[in-house]
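The values are calculated or read from the model by the stated rules, or taken from the named source; none is laboratory data. Every value quoted in this text rests on a predicted model; they were computed, and no experiment measured them. Don't worry about glycine lacking a Cβ; one is built from the backbone with ideal geometry, like all the others, and counts go over all protein chains shown.
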Amino acid sequence: MTAVLSLGTNLVDRVARLRCGLEVIAQHVAIQAISPIYETAAVGLQDQPAFLNLVTIVESDDPERVFRAAQTAEESQGRLRSQRWGPRTLDVDVITVGGLTSEDPRLTLPHPRAHERAFVLVPWLAIDPTAELPRRGPVRAIVGGLADQDITRYADPLPVP
């Protein structure tokens, strides 16, 4: 089954951090596609640098393995959770794994705020025009309601590690 991961960073060499995150993820699950990189303003805490974001689609039949890949990628870049919505060396969110749903606070599926985030949905749509967010519907329709969020294509996709 496929899983969708969202990667974001706003500190130091942002493209290098995304690349390193993908390399770590590729050690745990098979990467199928990587979106272009997009730049967005920070959400929540406004007084911080802009984020670079991308989405990757991976193949795995084990949601726990996908979660561990995301956590290991964050740890590889020194991720600290000291401030909600604060600056991030690397943030990796599991958006969906197949069509699974889960209310587990450790791994809620689909990601509980994915439908509110253009920085997740626009890159996802770029690599899967038929994407569907479980419990919410077609990503294309959801993105239409997020037109007020500023998101700019920053760079072509990074190569699959």
Q: Answer yes or no: is there a residue in the range 67-75 that is part of a loop (DSSP other than H, G, I, E, B) and not β-branched (Val, Ile, Thr).
A: no
Q: Hey, could you check the range 1-13 for residues that are surrounded by fewer than 22 Cβ atoms within 10 Å (Cβ to Cβ) and either in contact (Cβ under 8 Å) with a residue 12 or more places away in the chain or of a type in the set (Gly, Ala, Ser) (or both) and say which is farthest from TYR154 (Cα to Cα)?
A: MET1
Q: May I ask you to verify whether PRO105 is farther than 24 Å from HIS28 by Cβ, in a loop (DSSP other than H, G, I, E, B) and either at pLDDT below 95 or of a type outside the set (A, V, I, L, M) (or both)?
A: no
Q.
Given the condition without any contact (Cβ under 8 Å) to a residue 24 or more places away in the chain, farther than 21 Å from GLY44 by Cβ and in contact with a Lys or Arg (Cβ under 7 Å, 6 or more places away or on another chain), answer yes or no: does some residue in the range 112-126 qualify?
A. yes
Q. Quick one: is GLN77 in contact with a Pro (Cβ under 7 Å, 6 or more places away or on another chain) and at pLDDT below 95?
A. no
Q | Pair list, Cβ under 9 Å, 6 or more apart: the range 89-111 residue touching a residue at least 40 places away in the same chain (Cβ under 8 Å) and at positive phi, other residue part of a loop (DSSP other than H, G, I, E, B) and of a type outside the set (Val, Ile, Thr) | A | GLY98/MET1; GLY98/ASP61; GLY98/PRO134
Q: Quick one: in the range 20-63, of everything that is loosely packed, with under 14 Cβ neighbours inside 10 Å and at pLDDT 95 or above, which residue is nearest to ALA147 (Cα to Cα)?
A: GLU59
